[in-house]
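Inspection log for the structure reproduced underneath, given as structure tokens.
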Amino acid sequence: EYYKIENYTYAGLNEYSGLSHGKIKGIKRPTYLTNPLVPHRLYKYNPNMKIIAILRDPVKRFYSAYHHLVKSGYLAPITIDEFIDACINNPKLMEKNARTKSLFEYGLYAKGLYNYIQLFPMENIKIVLIEDLNQDREKFFKDLYKFLGVESYAPKISKKSRPMKSISNQLRITI
């Protein structure tokens, strides 16, 4: 069976069904926060699932995403000030390029979270800040494991690693 989660059919949810008792799996998809169709589809798949939103300062997120898109070749290599001025002076840029629009919309966390809060009970939603991970990794993961109702596990994360890469790898493991 295939599940339509975003705007495409996603077979990956099949691997999350039929897990042994006491085991959980997770998926990290930043686009799940901004696509208004996703919460309904996830709820239909499993109304008892736990949602974890790991947020960062929206301005820092914007700068990081902008530089990533330029480096990846999705945006012209102009300064961020020139890019913002171009968007302000030509609003049609937002309509023409979904990635340009996403740069601005991904930081509207309340808008995206609202769609989840309307469907899932609050006890199944945990909102955390990336700064909390950087400040106290042990407490960060201990709180996440408690929320998930699983035994604590001390992940080995290098201080030199990128935090989101570490989270991604840790949350994708089978516990």
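The values are calculated or read from the model by the stated rules, or taken from the named source; none is laboratory data. The structure presented is a predicted model; accordingly, all values stated were derived computationally and were not measured. Glycine gets a Cβ as well: all are built from the backbone with ideal geometry, and neighbour counts include every protein chain shown. Note: areas computed on protein heavy atoms with side chains; ligands, DNA, RNA excluded. Shrake-Rupley method; radii C 1.70, N 1.55, O 1.52, S 1.80 Å.
Annotations for the structure displayed:
- Checking 95, 123, 105 one by one, the residue that is of a type in the set (Asp, Glu) and modelled with pLDDT of 85 or more is 123 and no other.
- Only listed residue being touching a Cys at 6+ places or on another chain (Cβ under 6 Å) and open to solvent by 50 Å² or more (accessible area, probe 1.4 Å), chosen from 93, 108, 129: 93
- Taken together, the residues in the range 94-122 that are in a helix (DSSP H, G or I) and touching a Phe, Trp or Tyr at 6+ places or on another chain (Cβ under 9 Å) amount to 7.
- Contact map, the range 69-80: residues that are of a type in the set (Lys, Arg) paired with residues that are open to solvent by 60 Å² or more (accessible area, probe 1.4 Å), Cβ distance under 9 Å, separation 6+ or inter-chain. Pairs shown: 71/77.
- All told, residue 113 meets the bar of being among the hydrophobic types (A, V, I, L, M, F, W, C), in contact with a strand residue (DSSP E or B) (Cβ under 7 Å, 6 or more places away or on another chain) and either open to solvent by 80 Å² or more (accessible area, probe 1.4 Å) or at pLDDT 85 or above (or both).
- Residues of the range 23-55 that are more than 22 Å from residue 122 (Cβ to Cβ) and either at pLDDT below 55 or in contact with a helix residue (DSSP H, G or I) (Cβ under 8 Å, 6 or more places away or on another chain) (or both): 25, 31.
- For residue 68, the conditions (1) surrounded by 14 or more Cβ atoms within 10 Å (Cβ to Cβ); (2) closer than 17 Å to residue 30 by Cβ are fulfilled apart from (1).
- Residue in the range 63-85 that is in a helix (DSSP H, G or I) and within 14 Å of the chain's Cα centre (by Cα) present: yes
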